[in-house]
Every structure is written in structure tokens, then in C-alpha cells.
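Let me begin by presenting the structure, written as C-alpha cells, before commenting on it.
FYI, it's all coordinate maths here, none of it is from the lab. Here the structure is a predicted model, which means the values were calculated and not measured. Using ideal geometry, Cβ is built from the backbone for each residue, glycine included, and neighbour counts are taken over all protein chains shown.
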Amino acid sequence: MIQRFHAFMSSASGETAEVTAALYPGPGRRELHAVIVPAASRHFLGQLDGITGALAELRAAHPGMEIAYSRFYISDPVNRLPELRAAAPFPAFSVAGQPPLGGERLALLVILIETPNVSSDSGIITVSRGHYTDCWLTTRAPESGTSSSATTQLLTDLDTTLSSILNSQFSLPNSHSPIKDTTLRTWFFVRDIDATYSGLVSARNHYFARIGLTPSTHFIASTGIGAQGLTQYSPLSFEAYSVLGIDPDQIAYLRAPSHLNDTISYGVAFERATAVTYGDRRQIIVSGTASIDAQGQIHAPGLIRAQMTRMADNVDILLAQGAARPTDIMHIVLYVRDLADAPIARDMIAERYPGVPTIAVLAPVCRPGWLVEMECIAMYPLTTPAPYPAY
């Protein structure tokens with residue numbers, strides 16, 4: 001059973017932040033997901049101090065757990081990212097140029113895991129958890145180019161990085177494309193997504209086809225969402241999550257044709273959701289999911305409440321395909337296109353998923369008619385152990 005808690009925590013200087021967290025207590029390795037939102041200061045560095053102070057208090061309350069992943073959502077990345085990099089209390093983190101819906105200058109999503117073995121090098125976070133090694137590629141953002149050229153460059157760089165890790169740390173030969181066998185999740189944060197998303201889609205489709213990711217094999221769970229550029233001319237930014245040591249038999253790609261058609265039917269190459277079975281638990285990774293129907297059309301155009309309901313219904317049916325329930329969700333990211341819809345969206349997500357750590361941000365979805373989108377990660381213990389190494 002996921003344990004949930006909510007608290008206000010303070011830094012040494014008195015800055016305050018609101019913490020909402022979900023703890024997977026076991027059996028096996030503990031994992032904690034938290035959303036930390038500043039509650040007091042109007043200044044960027046004051047808000048950052050509140051967040052880092054709350055994070056320190058959270059970590060002190062859960063000894064033996066290390067930061068496996070963190071993403072800051074900031075309202076003005078071009079101006080504030082240098083300050084964030086100079087003042088952040090850990091060396092590697094991700095950044096999304098998406099303003100928190102509460103009017104804060106920044107907020108933090110963080111994942112803690114029970115392991116002594118977390119390291120970072122050149123923006124790659126590696127987390128050793130027994131048989132497996134997580135590789136978190138933190139934010140990459142080309143300084144210039146198009147969404148198409150940037151996508152090709154970033155996927156190529158990910159393949160190169162994973163090949164290098166496999167070769168140097170595990171003495172394994174370079175694979176033609178480790179992405180195909182190890183990458184479970186990607187994120188694309190796209191500047192001017194209404195105009196440039198098609199370039200990303202085309203480049204990703206082409207790259208995936210070249211490395212053997214096709215409708216007859218599989219794709220990768222993903223989010224492609226609007227965001228501000230992290231630098232003045234950056235067309236998009238990118239992150240990825242890969243697991244080394246995973247067996248293909250542990251991975252299932254979830255479909256719910258009664259509610260959502262396959263993405264490739266409208267020309268986009270990603271999986272709706274991915275289930276990963278470990279010896280002791282199952283993890284469900286749900287891609288960015290909007291108010292789509294079984295024919296691939298926008299459900300309830302222009303109606304925020306109806307779109308919120310359909311979006312959540314779609315997520316719940318995907319979770320069910322992996323034998324998970326909404327109560328198994330560890331965190332949610334909610335993307336809202338129009339700031340005027342923020343109060344309704346935030347109230348409805350809190351009512352639908354009470355107590356779940358949720359970060360809600362201003363971000364246009366990949367089709368202009370979609371008003372909202374959400375993604376999540378869920379986790380639950382297996383009643384009967386599976387024939388794989390534990391998480």
C-alpha cells in the first residue's frame with residue numbers, strides 16, 4: 001500500500017515549502033516520489049531556498065534514500081536557469097520551462113530511492129539497484145536548429161551515451177542502438193509546439209524505423225509537450241530514462257483500444273504505457289495522455305471538464321491493463337494549455353486522485369484542441385513473485 005503524506009517544511013533561513021509525497025514502503029527497495037512547491041517568498045532564490053530546505057528535511061526523515069531523479073519546473077528559464085544551476089544543491093537535475101499553475105517561479109518533482117549507489121557524470125545519473133542500473137539522461141537542449149534536427153541529434157546522442165556506459169561500466173560490446181532494448185521513457189519539451197511538433201514526429205519516426213522500433217516491434221513511452229526554450233534559440237529539450245540489465249520479457253506495452261487507438265494510426269511513434277515486471281513489484285509508466293477517443297479524435301473539443309474526465313478515464317484504463325489501480329500512482333504531472341482553466345483542472349485532478357503528488361504546469365499539448373494532458377508512474381507489489389531479479 002502506497003503511503004501518502006502532506007506537510008509544510010522550512011529551510012534554515014525560514015523559507016517555507018509545501019511537500020506532497022508518496023512512499024512505496026516495500027517489500028523490497030523503498031522509493032519515494034515528492035512534489036515540492038514554495039509557499040512564501042516572491043523571489044526566485046528565496047523560493048529555491050524553500051524547496052531545497054524542504055528537500056533536506058524530507059531526506060532527513062527518510063535515511064538511506066538518495067536522490068535518483070529531480071526536475072525543476074521554472075517560469076522563466078532563459079533568465080533564471082543560470083541562477084538555478086549556481087544555487088541548486090545537487091550536481092545533476094532536469095529542467096522544464098513550464099510555469100507552475102499556482103503562480104510560483106519554480107517547483108520540484110523529485111524521486112528518492114533506497115540505495116547507497118547513486119552517481120552523476122556529465123548530466124547522466126546512474127542508480128545501481130542490485131541487478132539493474134537506472135540511467136537518467138538529464139535535460140539536453142541544443143542551442144539552435146529545428147525541432148527535426150534537434151530530435152535526430154538528441155536521439156543519436158542518447159544511443160552514443162548508452163553505448164559508452166554499457167562498454168565502460170559493464171564491459172559489454174557496443175550495441176547498434178541500446179535505445180531499443182533499454183530505454184523505457186522519453187520526454188520532449190518543445191518550443192512553439194503548435195508549429196514545430198510535426199518536425200519532432202517526423203524525425204523520431206525516421207530514427208526509430210532505422211534502429212528497428214516499428215509497429216511490429218515496439219516504441220517507447222513518451223511525452224511531447226509545449227515548453228519555453230531553455231535558451232534563447234533552443235528548439236526543444238529532451239530527457240530519457242533507461243534501465244540496464246532489463247530483460248525484454250519483463251516489459252509489456254499496454255493498450256486500451258476501447259478508449260484509445262494506437263498512436264501509429266495517426267503517424268506518431270510512442271507507446272501509450274509500459275509495464276515493467278520485477279521480481280517483487282510492477283512499475284507502470286504512463287505516457288502523456290489527453291482527451292482522445294478510440295478513433296484518435298479529440299473528445300469534447302473546448303470543454304475543460306469533459307476533457308479532464310476523459311483524460312483521467314484513459315489513464316485509469318491504461319493502468320488497469322497492467323493490473324494497477326489509481327491508488328498505486330506515485331506521482332502525476334498535469335499539463336494545462338490555458339491559464340484560465342487552471343482552477344478547474346487543479347480541483348478536478350485533486351478530487352480524482354486524492355493525496356497523489358501532483359505538479360500542475362502551464363503547457364500547450366501537441367494538438368491545439370487538447371486542453372489538458374497528464375502522465376504518471378504507478379507501482380505495486382506482486383502477490384506472487386515473478387521469475388526476475390527484484391527491483
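Things worth noting here:
- Efficiency of FRET from Cβ geometry, Ser10 and Ala294, R₀ 45 Å, rounded to 0.05: 0.40
- When restricted to Cα atoms, the stretch 168-306 yields an Rg and a Dmax of 16.5, 54 Å, respectively.
- Among residues other than Arg255 with Cβ under 10 Å from its Cβ, the summed charge is -1 (Lys and Arg +1, Asp and Glu -1).
- Expressed per residue, the C-alpha convex hull volume of the stretch 247-323 stands at 89 Å³.
- Relative to one another, the C-alpha centroids of the stretch 199-214 and the stretch 297-332 are positioned 27 Å apart.
- Dividing the mean sequence gap of close Cα pairs (under 8 Å, 6+ apart) by how many residues the chain holds gives a relative contact order of 17 percent.
- Here is the tail figure for the stretch 117-246: Cα pairs spaced more than 26 Å apart come to 22 percent of all pairs.
- Since only Ala22, Leu81, Gly50 are under comparison, the one whose Cα sits farthest along the positive direction of the charge dipole of the stretch 21-97, derived from C-beta charges on Lys, Arg, Asp and Glu, is Ala22.
- Length gained on full extension, Leu382 to Thr327: 18.3 nm, using 0.36 nm per residue less the C-alpha separation.
- The stretch 224-293 and the stretch 52-114 have Cα centres lying 23 Å from one another.
- Fluctuation leader among Tyr233, Tyr335, Tyr241 - the chain, Gaussian network, Cα springs under 10 angstrom: Tyr233
- Spacing of the two label points (7 Å from each Cα toward its C-beta) at Ile344 and His43, in nm: 3.9
- FRET efficiency for the pair Met1 and Phe90, taken as 1/(1 + (r/R0)^6) with r the Cβ-Cβ distance and R0 = 35 Å, rounds to 0.75.
- Cβ-Cβ distance of Ser168 and Ala56, R₀ of 30 Å, FRET efficiency by 1/(1 + (r/R0)^6): the value works out to about 0.35.
- Cβ-based net charge around Ser120, under 13 Å, with every Lys or Arg adding one and every Asp or Glu removing one: -3
- The simple spin-label model puts a point 7 Å past each Cα toward its Cβ; for Ser119 and Glu83 those points are separated by 3.5 nm.
- Counting DSSP beta bridges with both ends in the stretch 117-246, the antiparallel % (nearest 5): 80
- Rg(Cα)/(2.2 N^0.38 Å) for the chain, N = residue count: 0.92
- Footprinting exposure proxy ranking of Asp328, Asp313, Asp293, fewest other C-beta atoms within 10 angstrom first, gives Asp293, Asp313, Asp328.
- Per residue, the average separation of C-alpha pairs within less than 8 Å and at least 6 apart gives the stretch 117-246 a relative contact order of 38 percent.
- Built amide H within the under 5 Å cut-off of Tyr388, gap 5+: Gly279
- Summing +1 for each Lys or Arg and -1 for each Asp or Glu among the other residues whose beta-carbon sits under 12 angstrom from that of Phe219 gives +3.
- In the stretch 1-83, Cα pairs under 8 Å separated by at least six residues give a relative contact order of 26 percent.
- Counting 0.36 nm for each residue step from Gln232 to Ala209 and taking away their Cα separation leaves a gain of 5.1 nm.
- Compactness of the stretch 1-114, expressed as Rg and Dmax over alpha-carbon positions, Å: 13.7, 44
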